[in-house]
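Peer 1: Would you mind keeping the following structure in view while I ask a few things?
Since every read-out is calculated from the coordinates, none of them should be taken as a lab result. All of these numbers come straight from a predicted model, not from anything done at the bench. When we count neighbours, we look across all protein chains shown, and the Cβ atoms used for this are built from the backbone with ideal geometry, even at glycine.
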Amino acid sequence: MKKINPKKYRKYSRTFGLLLTILIAFTLTAHAIADEDVAVNLDDGAEAADFFNPYLFARDPLWILLPIFALIIVGLHLMPVPKRNPKSKIDQGKRFFREISGEDKK
Amino acid sequence: MALFGVPTRRVRIVIQSSLFILWAALIYSTHYPMQSWLGNHIPVSIFLRIDPLVATVIMGGMRVGVTILLLGLVTLGVSLLLGRVFCGWVCPLGATFDFYSWIIKKFGVRHHGPSPSWFRLKYYILGAILIFALFGSTSPLIGLDPVVLITRVAAAVLQPFGRVDGAFHWSVGDRPHFMGHFIDLSTLALFILIMGYTTKVSRIWCRAVCPLGAYLASLSRHSILRRETDQCVHCNICSASCPTGAIDFQNAEIYNESECIKCFICSEECPVDANLFALRLPFKANDKHGQVVELDRRAFIGTAVTTLVAVPFARIESGVPGSIKKLIRPPMSREESDFLSSCIRCGECMKACPTGTLKPAGLEHGLRSLWTPVMTPLEAPCKEGCNACSVACPTDAILKYPIEKKYTFKAGTAVFNPASCISYTEGKFCSECVRVCPTNAISIKKGWEPNPSGPQHKWGISAAGSEEIAPPKKTPTRPVHVNFDMCVGCGACETSCNQIVFGQPAMVTTSQGRAVPTTMPKA
């Protein structure tokens with residue numbers, strides 16, 4: 001059974017492997033970039049309290065686009081998709097029997 | 001199919017196992033003082049930070065760019081390109097399911113099969129979470145995110161078992177009059193239910209409930225890593241071995257790209273090497289071998305309408321009078337509405353808390369606070385010199401701060417009730433609250449004090465808290481009031497109070513004055 005591969009498909013996906021390696025390496029190291037400005041600078045002592053306040057944040061309404069984008073992506077699943085009849089080998093067999101029995105001509 | 005000469009499935013198992021071990025090690029390192037070697041090199045909450053659903057909901061809901069969550073957008077890009085590789089290769093809950101499958105397979109249990117008819121439920125859950133985010137809220141449904149869920153299982157179910165410094169109780173809902181470490185029963189019940197159903201249908205959570213899976217499935221509809229089956233002999237071995245039921249059982253050449261988690265089991269199981277995965281230009285969603293998920297419009301619109309109605313209801317605080325006063329958040333938490341928008345109920349802060357004062361809220365503070373961290377000073381105080389919860393928080397709901405600046409802002413304020421204090425009602429010397437206060441916020445009125453070399457102290461009892469009765473016509477030294485500007489709401493006084501009636505201390509910590517700058521002496 002293992003020898004049924006007349007077209008000699010490539011068994012090695014080097015591109016995928018390379019992509020995956022890069023992605024995993026990036027994910028495990030990229031936190032350093034993201035962490036740079038995480039810590040709140042309160043080292044200025046009591047003066048820090050004057051400008052730092054947990055109530056105040058720089059908000060940008062454009063961030064709402066993220067959930068909107070996600071909703072649109074999910075909404076794509078609402079679009080009707082034309083059904084197709086896959087021409088599998090089973091279907092081909094059925095068609096063959098229909099042809100020889102003359103059902104298609106009727 | 002092979003990757004660098006090794007069968008891809010085996011490569012996946014090695015990577016998935018390694019990442020799961022990494023996740024478990026990071027969870028283990030999430031404890032005070034947060035200075036483990038691993039924690040110093042990789043953030044303990046890295047798996048939550050690369051979760052794209054968390055990034056979308058928190059940043060979109062708060063309308064704030066949270067830098068540490070931007071990694072989640074990388075995962076979005078990966079899913080657009082390669083499909084649901086996150087589910088099959090990275091997700092720790094997915095790894096748990098695969099490991100469980102491997103174990104029950106040894107006992108002859110076969111649980112791979114077609115998905116149930118309600119597998120679209122996950123899309124509706126995702127829709128509800130996103131609509132909440134549009135209105136600036138984080139739905140408690142975010143607690144169903146797989147990374148959040150398994151992290152909470154570790155924090156609120158396994159962690160209390162691991163504690164050796166006290167008893168633990170099973171609890172859900174109201175809990176202020178219990179002592180000990182609580183095992184969140186709702187999380188445990190949910191996890192047992194999931195694993196029970198997984199015995200019947202493999203990865204049932206990923207197939208039908210997981211909102212992150214739905215998000216990634218939506219994105220992977222046009223991914224470039226596609227399954228090819230030109231040499232298929234229709235033995236259906238791949239259909240029967242697919243853990244997510246992505247391959248059609250009538251015709252094995254047809255598969256659902258959105259449900260495929262790129263586990264490559266079909267590729268290895270195929271007896272004729274007909275299941276190959278190749279990088280191709282973006283396909284149409286329904287190419288000749290593609291099957292797509294079609295949502296029911298009525299159900300989707302029904303979900304949207306229900307969520308719109310639910311948004312204001314979910315914001316209702318609680319029907320319990322005064323519960324908001326006992327809703328004490330960890331120090332340096334964001335303002336309450338922002339906190340609720342940014343807290344994902346993962347339980348990392350509770351896992352990190354060395355005293356166990358942080359507990360998951362039940363419904364005592366309303367649905368909107370479900371599973372969020374609440375300080376329970378009656379049981380334990382917030383430890384002085386500790387910022388573990390802020391370091392562990394993956395979304396900055398608890399802002400990062402240096403330890404020496406811990407008391408820059410108040411978490412709450414203690415209120416003194418003389419009617420419950422033994423120095424007033426029984427004339428006993430106590431002053432334990434004064435002794436433990438880290439900011440000297442409790443004013444006292446000097447009076448009689450016991451002899452430090454008295455008999456009781458020889459037993460190892462300190463003068464404060466010895467409960468010696470003052471001589472007749474003398475009043476003991478006792479607290480008078482709590483200085484609002486200096487109290488930081490750590491709850492140490494409440495924990496240490498010698499309560500006359502159990503559960504009713506004289507010092508009661510409240511959320512009053514939260515995030516107001518304190519005027520405590522400089523460090």
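Peer 1: Compute the long axis of helix B:185-200 from its Cα atoms, compare it with the longest principal axis of the Cα atoms of chain B, and write down the angle in degrees, 0 to 90, nearest 10.
Peer 2: The angle comes out at about 20 degrees.
Peer 1: Which pairs, out of B:359/B:445; B:326/B:473; B:351/B:405; B:351/B:410; B:400/B:445, put more than 26 Å between their alpha-carbon atoms?
Peer 2: B:359/B:445; B:326/B:473; B:400/B:445
Peer 1: A further question on this structure: Okay, helix-only estimate at 222 nm for chain B: each DSSP H run of n ≥ 4 adds -39500 (n - 2.57), divide by all residues, round to 500 deg cm²/dmol; what do you get? Working shown, then result.
Peer 2: Details: 21 runs with 183 residues, N = 523.
It lands at -9500 deg cm²/dmol.
Peer 1: Separate question: Just add up the charged neighbours of residue B:73: K/R +1, D/E -1, any other residue whose Cβ is under 12 Å from the Cβ of residue B:73. Display every interim value, and only then the final one.
Peer 2: Details: positive: B:49; negative: B:51.
Net of charged neighbours comes to 0.
Peer 1: Still on this structure: To check my understanding: the extent here is largest minus smallest coordinate of the Cα atoms along each principal axis. What are those three numbers for chain B, in Å, largest first?
Peer 2: Rounded to whole Å, the extents work out to 100, 46, 38 Å.
Peer 1: Continuing with the same structure: Could you tell me which of rounded, prolate or oblate describes region B:363-421, using a ≥ b ≥ c as the square roots of the eigenvalues of the alpha-carbon gyration tensor, with rounded for a/c under 1.5 and, failing that, prolate when a/b is larger than b/c and oblate otherwise? Please list the in-between numbers first.
Peer 2: Details: a/c = 2.39, a/b = 1.21, b/c = 1.97.
Because a/c hits 1.5 or more and a/b fails to exceed b/c, region B:363-421 counts as oblate.
Peer 1: Quick one: grab the alpha carbon gyration tensor of region B:56-142, order the square roots of its eigenvalues as a ≥ b ≥ c, and give me rounded if a/c is under 1.5, else prolate or oblate depending on whether a/b is larger than b/c.
Peer 2: Values: a/c = 2.60, a/b = 1.79, b/c = 1.45.
Taking the square roots of the gyration eigenvalues as a ≥ b ≥ c, region B:56-142 is prolate.
Peer 1: Same structure again: If amide hydrogens are placed 1.01 Å from N in the peptide plane, which non-local residues have theirs closer than 5 Å to the one on residue B:113?
Peer 2: B:202, B:245
Peer 1: While we're looking at this one, here's another question. Helix B:8-29 against the longest principal axis of chain B: what's the angle in degrees, Cα atoms only, rounded to the nearest 10?
Peer 2: In chain B, helix B:8-29 runs at an angle near 0 degrees to the longest axis.
Peer 1: Further question: Hey, can you grab everything whose amide H is under 5 Å from the amide H of residue B:413? Only 5+ residues off in sequence or another chain; H modelled, so Pro and N-termini drop out.
Peer 2: Answer set, sorted by chain and number: B:510, B:511, B:512.
Peer 1: Now a separate question. Order these by the 10 Å Cβ neighbour count, fewest first: B:432, B:404. Present the calculation step by step, with values, prior to reporting the outcome.
Peer 2: On the way: B:432 23, B:404 14.
Ascending number of Cβ neighbours within 10 Å: B:404, B:432.
Peer 1: Can you give the angle from 0 to 90° between the axis of helix B:121-134 and the longest principal axis of chain B, with both taken from C-alpha atoms, to the nearest 10?
Peer 2: The answer is roughly 50 degrees.
Peer 1: For residue A:65, what charge total do you get from the other residues with a beta carbon under 14 Å from its beta carbon, if Lys and Arg give +1 and Asp and Glu give -1? Working shown, then result.
Peer 2: Details: positive: A:59, B:63; negative: A:60.
Residues close to residue A:65 contribute a combined charge of +1.
Peer 1: Let me ask you something else. With θ set to phi - 60°, apply the Karplus curve 6.51 cos²θ - 1.76 cosθ + 1.60 along region B:345-361 and write out the HN-Hα couplings as whole Hz, x wherever there is a Gly or Pro.
Peer 2: Along region B:345-361, the couplings run 6, 7, x, 4, 5, 5, 5, 7, 4, x, 9, x, 6, 7, 10, x, 6 Hz.
Peer 1: Based on the alpha-carbon gyration tensor of region B:1-85 and its eigenvalue square roots a ≥ b ≥ c, which shape applies: rounded if a/c is under 1.5, prolate if not and a/b is larger than b/c, or oblate?
Peer 2: Details: a/c = 3.16, a/b = 1.19, b/c = 2.65.
Note, shape of region B:1-85 comes out oblate.
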